[in-house]
Each structure stands twice: as structure tokens, then as C-alpha cells.
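The structure appears below as C-alpha cells.
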Amino acid sequence: DAVLLNGFHYFESLDEAYLKGVRKQAKNLGVEVRIGAGGISAGAKSFKDRYGSPEEALAMGVKLAKIFDTSVVNCRIGNIDDRYGDGGIEARLDEAADTMLAVRSRAMDTGVKFAFENHAGDTRSEEILGLIERVGSDLCGVMLDPGNALWAMEDPMVHLEKLGEHALCMSVRDYMLWPTPEGAMLQWTAVGEGLMDVKGFVSLLQRKCPDVPLFVESISNSPRPLDSDLG
């Protein structure tokens, strides 16, 4: 079994002795702990410097990955609003790339790769592929989220087809989608309670990235409109 702690706030403390105690308890339970460093783009609307600069936060993620003996640290930009800020999503992608490159040597020395997430509709497949090309596939892979792919107006199956070979981590949830006078609305559901072809998705997942752990992320919240300008 594995659990993804996608943010440092899940820990009561970042003291090394405390973290080693958590690792020991997880190991005794047969649970692998995976780490997420959160946002690494200083210009993102949701970025907070609670753990320092983006570079300092990502370096902390590498430190925790070493403690928990995991080779992947998740990271992201923010949310769909970042597509419409100063410089657009391209500026935020540049910031994320610079952050990863600034921590490159530390990650390489520790044997860690960064799994970049398509978070809350902020990035699309082609943009993530461009980021990987700039940073290097030896340093950066993908944290795939099919629910967020749909939010960015991408078919989750197409999203997986394009990015599967770079996938290091995966969270999956189902979704409902229905037309409205303005366009369409999206709402996430538990797996098996929505429109997603779960069997087809998992079958493609097995072919594209069979060794990637699948984290089930059940989110129930209010509907949100899809932005047709992204299509």
C-alpha cells in the first residue's frame, strides 16, 4: 500500500527525528509514503511562502523524499486562474522550470525525480511536454490526474496517451459532465459513479506505465463550469 502526502502541512512537524518516526511507523504498517512539495511557481496566485521560496520548498521535498526512501517528489503550479494572470501559463511554467533546475543537483545526488502535476485545470498535455523537454526527462516526469485533465478541456484518455510514458505518479477519480446554456459543468465523483471509462483507462494505464502507483482521490464538491476557451 502507498499514501501520497501532497503537501508538507500533513506532517505535524518537519523535524527530522519526528519524520523518521513517521517513516518507521509507516514501514511497520507496510505503507509507502510519497511526498508532495506543493506549488513551485512564485507567480502563481495560490503560492504561499510558508516553507520559503519555491526553491527552498522543493529542496525540502527532496530532503523528505530521502528520509522516506522514495524517489519521487510531486510538484505543481497552482490552478486554472494562473492561465489568465500576468504572462499567462507560459510565465508560470518558466518559473516552475527554473525552480526545478535550481534544485537539480540536489535531486540528482539523492536519486529523486520531480513529478509535475496538471493541477486544477492549470496545464495541458503539450505544455507539460514542453516543460519536460526544457528541464529534462531525467529530472522531471508527470503526476497524472485525469480529473484535472477534463477541467482543462482534455479527454483523460488522450491525456494519458500523450503523457503516460513520463508518468511517475497517478491520482484518479471519476466525473460527471452535463450541458448548460453557457456550455458545460463538471463535477467529480467517486470512482465508478461517473462517466469515466474506468476499465478502459486502467487498461491503457497498464500498457503505458504499468509500474506507476495508482492513488484513488475521491472528491465530492460543487459543480464548476468548463472554460470553452481552452478547447
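The values are calculated or read from the model by the stated rules, or taken from the named source; none is laboratory data. All values derive from a computational prediction rather than experimental measurement. Glycine gets a Cβ as well: all are built from the backbone with ideal geometry, and neighbour counts include every protein chain shown. The accessibility values were calculated without ligands, DNA or RNA, using every heavy atom of the protein model including side chains. Shrake-Rupley method; radii C 1.70, N 1.55, O 1.52, S 1.80 Å.
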* Which condition number does Gly43 fail, the rest of (1) part of a loop (DSSP other than H, G, I, E, B); (2) in contact with a strand residue (DSSP E or B) (Cβ under 6 Å, 6 or more places away or on another chain); (3) closer than 27 Å to Leu150 by Cβ being met? -> (2)
* **Criterion (open to solvent by 10 Å² or more (accessible area, probe 1.4 Å), within 30 Å of Ser71 (Cα to Cα) and either at pLDDT 90 or above or in a helix (DSSP H, G or I) (or both)) met by exactly one of Leu195, Leu150, Leu160, Leu177** => Leu150
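May I ask you to list the residues in the stretch 29-65 that are of a type in the set (Lys, Arg) and either more than 19 Å from Asp109 (Cα to Cα) or surrounded by fewer than 16 Cβ atoms within 10 Å (Cβ to Cβ) (or both)? Reasoning before the result, please.
The first filter runs over the stretch 29-65 and keeps only residues of a type in the set (Lys, Arg), leaving 34, 45, 48, 50, 63.
Within the stretch 29-65, Lys45, Lys48, Arg50 qualify.
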* Can you tell me which residues in the stretch 91-119 are in a strand (DSSP E or B), of a type outside the set (Gly, Ala, Ser) and under 10 Å from Cys140 (Cα atoms)? -> Lys113, Phe114, Phe116
* Asked: Looking at (1) open to solvent by 60 Å² or more (accessible area, probe 1.4 Å); (2) modelled with pLDDT under 90; (3) assigned to a strand (DSSP E or B), can you tell me which one Ser171 breaks?
  -> (1)
* Taking the options Ala115, Ala97, Ala102, name whichever one is open to solvent by 30 Å² or more (accessible area, probe 1.4 Å) and modelled with pLDDT of 95 or more. => Ala102
* Asked: Out of (1) surrounded by 24 or more Cβ atoms within 10 Å (Cβ to Cβ); (2) not in a loop (DSSP other than H, G, I, E, B), what's the single condition that is false for Gly78?
  -> (2)
* Of the numbered conditions (1) out of contact with any Leu (no Cβ under 8 Å at 6 or more places or on another chain); (2) surrounded by fewer than 18 Cβ atoms within 10 Å (Cβ to Cβ); (3) more than 21 Å from Asp94 (Cα to Cα), Ser137 fails exactly one; give the number of that condition. => (3)
* Asked: Does any residue in the stretch 51-79 that is over 24 Å from Leu144 (Cβ atoms) come within less than 7 Å, Cβ to Cβ, of a residue that is open to solvent by less than 10 Å² (accessible area, probe 1.4 Å) and not hydroxyl-bearing (Ser, Thr, Tyr) six or more places away or on a different chain, and which pairs are these?
  -> Tyr51/Phe8; Tyr51/Ala57; Glu55/Val103; Ala59/Val103; Ile67/Leu19
